[in-house]
1. How about the stretch 100-114: which of its residues are surrounded by fewer than 20 Cβ atoms within 10 Å (Cβ to Cβ), small (Gly, Ala, Ser) and in a loop (DSSP other than H, G, I, E, B)?
2. Search the stretch 25-48 for residues that are of a type in the set (Phe, Trp, Tyr) and pair each with any residue that is part of a loop (DSSP other than H, G, I, E, B) when their beta-carbon atoms are under 7 Å apart and the residues are at least 6 apart or on different chains.
3. Please work out if Gly41 is among the small types (Gly, Ala, Ser), open to solvent by 30 Å² or more (accessible area, probe 1.4 Å), in contact with a Leu (Cβ under 8 Å, 6 or more places away or on another chain) and not in a strand (DSSP E or B).
4. Among the candidates Lys49, Lys97, which residue alone is in contact with a Pro (Cβ under 9 Å, 6 or more places away or on another chain) and either in a strand (DSSP E or B) or surrounded by fewer than 14 Cβ atoms within 10 Å (Cβ to Cβ) (or both)?
5. Inside the stretch 61-91, can you point out the residues that are in a strand (DSSP E or B) and of a type in the set (Gly, Ala, Ser)?
6. Kindly evaluate Leu84 against the criterion of being buried (at least 21 other Cβ atoms within 10 Å of the Cβ) and in contact with a strand residue (DSSP E or B) (Cβ under 6 Å, 6 or more places away or on another chain).
7. Where residues in the stretch 5-27 are under 17 Å from Gly90 (Cβ atoms) and among the charged types (D, E, K, R), which of them is most open to solvent (accessible area, probe 1.4 Å)?
8. Only one of these conditions is not met by Gly54: (1) free of Cβ contacts under 8 Å to residues at least 24 places away in the same chain; (2) outside any strand (DSSP E or B); (3) open to solvent by 40 Å² or more (accessible area, probe 1.4 Å); (4) not aliphatic (A, V, I, L, M). Which number is it?
Amino acid sequence: QGNLVESGGGSVQTGGSLRLTCAADGNIWRHVLGWYRQAPGKQRELVAKIDISGTPTYADFVKGRFTISRNNAASTVTLRMNNLQPDDTGVYYCNKKWGIADYWGQGTQVTVSS
């Protein structure tokens, strides 16, 4: 119920695309789902989140490039990333939260070369 596993990270060149998927071990219908990232020497920051009705929210720096979606039946949340830039490099973390419950994945590395 609390486990989150990310996949899809890797290395791409500037302008490339990646699709990150987070698989949960339990039902996610009551959770807000999100993707966060942390670059070296910087704090973890919100990339995108999606509420229980499917309404997304994006950080300004990814608007128009990234898309978040959820599949409650499959217990997954996906982040599709296009036109990747070197500043997008970092460890990307999946998050789910409901009330006081707050769970994080182990993170997956995304590296964008210029």
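1. Matches in the stretch 100-114: Gly107, Ser114.
2. These pairs meet every condition: Trp29/Ile52; Trp29/Asn72; Tyr36/Arg44.
3. On the way: among the small types (Gly, Ala, Ser): yes; open to solvent by 30 Å² or more (accessible area, probe 1.4 Å): yes; in contact with a Leu (Cβ under 8 Å, 6 or more places away or on another chain): no; not in a strand (DSSP E or B): yes.
No; evaluated as a whole, the condition is false for this residue.
4. Working: Lys97 fails: in contact with a Pro (Cβ under 9 Å, 6 or more places away or on another chain).
One residue alone meets the criteria, Lys49.
5. Ser69, Gly90
6. Values: buried (at least 21 other Cβ atoms within 10 Å of the Cβ): yes; in contact with a strand residue (DSSP E or B) (Cβ under 6 Å, 6 or more places away or on another chain): yes.
When the stated conditions are applied, Leu84 passes them.
7. Ranking the candidates gives Arg19 first.
8. That leaves (3) as the condition not met.
The values are calculated or read from the model by the stated rules, or taken from the named source; none is laboratory data. Fair warning: this is a prediction, and the values are worked out from it, not measured in the lab. So basically every Cβ, Gly included, is an ideal-geometry build from the backbone, and we count neighbours across all protein chains shown. Note: areas computed on protein heavy atoms with side chains; ligands, DNA, RNA excluded. Shrake-Rupley method; radii C 1.70, N 1.55, O 1.52, S 1.80 Å.
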